[in-house]
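The values are calculated or read from the model by the stated rules, or taken from the named source; none is laboratory data. What you are looking at is a predicted structure, and each value in this text was computed from that prediction instead of being measured. Cβ placement follows ideal geometry from the backbone for every residue including glycine, while neighbour counts extend to all protein chains displayed. Accessible surface areas use protein heavy atoms only, side chains included; no ligands, DNA or RNA. Shrake-Rupley method; radii C 1.70, N 1.55, O 1.52, S 1.80 Å.
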Amino acid sequence: MDKPLRILHVVVNMNRGGAETLIMNLYRNIDRSKVQFDFLTCKEGIFDAEIIEMGGRIHRIPYVTEVGHIAYVKELNQFFKRNAMYKIIHSHMDKMSGLVLREAKKADIPVRIAHSHNTKSEGGIAYRAYKWYSGNKINSFATHGYACSTDAAKWLFKNKSKQAIVLKNGIECDKFQFSSDVRNQVRKELKLSNQSLVIGHVGRFNHQKNHFFLLEIFGSLMKILPHAQLILVGDGVLKERIEGKIKELHLEENVKLLGIREDIHLLLQAFDLFVFPSFHEGLPVTLIEAQGTGLPCIISNTITKEVDLGLGLIQFLPLQDKIIWVENMIKAAESKSPRNIAESALNQQGYNIRHTAEVTQNSYLVLEGMSS
């Protein structure tokens, strides 16, 4: 029997994030006798054990923030020289994919995929300038472009965006079907009253996700609904500052920080409302998951309209007006919409991961055949 085609995915780490969740959803649903996933990472991640269990290999090199530009490029160069057996590299580093794919091209790796998961770079002026430099010639080094949305494609690939393939952030639809039994069990475990309005958020603790805005509007909401609860799922560089903001607003009794979790499909069942005021996004898989559980979502109007699956669950609001957020959170609390969403509704929009996995797997096999 032929060995499976091994695809090298490049990420910073395999913790739960939009890109990483998509990769793992794909990995769980491909035919691993035909295609296997390996990973080039810089840090340990929550998914590492599962990757190894499924037959994946994890390579590690230090990240540019730890060793600097010259040493990072040297690490990439040496890695690709040592691992010349890879025929397909799939980089999920946004602008930083430029550096990765440049070194892969030098090593004559024939298929080099850049995958855009965002619409803007994070960090200060100097770091954004460095990312611009890293991604400036990405179209020269990538043989193929993928993106989670058309906006994400335009951001990374510029004048070649129409040539990029939009690969939808599919989910395992059946896992997210609403269950009142699961809802009651999770709320019991989290010590949440059935009478409380429970607002949820899932995302890294970084600037992009706009947690301080979320805490401020929640503080205003509590003046009207004092028993409301806010659940924050995630971790990141801003954790201490977020904890400080919670104390500053005297929200310690009403805000729960759950850290990085693997049971998002269960936690979403316990929420009454999903609030997502990001400054920018590619197309967040968490918003697909939330809609899969029938959860009403209030999100910033900076997020692509492609995230709305047409189920009547998404409401876009401007970040300039905090009052309108509070008003709409109260309206959402008063309306009791049914939570059951037919799996066919997500299938029709192309967000069933089984379909996405089949498309992705076939594309890898075709690309491998073309590169031989």
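Brief remarks follow.
- Selection status of L267, in contact (Cβ under 8 Å) with a residue 40 or more places away in the chain and either of a type in the set (A, V, I, L, M) or open to solvent by 20 Å² or more (accessible area, probe 1.4 Å) (or both): yes
- Scanning segment 15-41 for residues that are surrounded by 15 or more Cβ atoms within 10 Å (Cβ to Cβ), assigned to a loop (DSSP other than H, G, I, E, B) and modelled with pLDDT of 95 or more yields a total of 2.
- Residues of segment 101-119 classified as exposed (fewer than 15 other Cβ atoms within 10 Å of the Cβ) and basic (K, R), total: 1
- For segment 293-301, the criterion of being under 30 Å from S33 (Cα atoms), touching a strand residue (DSSP E or B) at 6+ places or on another chain (Cβ under 8 Å) and part of a loop (DSSP other than H, G, I, E, B) is met by none of the residues.
- Selection of first residues in segment 1-20 that are farther than 30 Å from G259 by Cα and touching a residue at least 40 places away in the same chain (Cβ under 8 Å) and of second residues that are of a type in the set (A, V, I, L, M) and open to solvent by 30 Å² or more (accessible area, probe 1.4 Å), restricted to Cβ pairs under 9 Å at least 6 apart or on distinct chains, gives the following pairs, ordered by first then second residue: L5/L365; R6/M85.
- Where a residue in segment 113-127 is within 16 Å of F279 (Cβ to Cβ) and its partner, wherever it lies, is part of a strand (DSSP E or B), with Cβ under 9 Å and at least six apart: H117/A147
- Odd one out for M329 among (1) surrounded by 19 or more Cβ atoms within 10 Å (Cβ to Cβ); (2) without any contact (Cβ under 8 Å) to a residue 60 or more places away in the chain: (2)
- One residue stands out in segment 340-361 among those that are open to solvent by less than 30 Å² (accessible area, probe 1.4 Å) and either part of a loop (DSSP other than H, G, I, E, B) or without any contact (Cβ under 8 Å) to a residue 24 or more places away in the chain (or both): the one that is farthest from V166 (Cα to Cα), namely I341.
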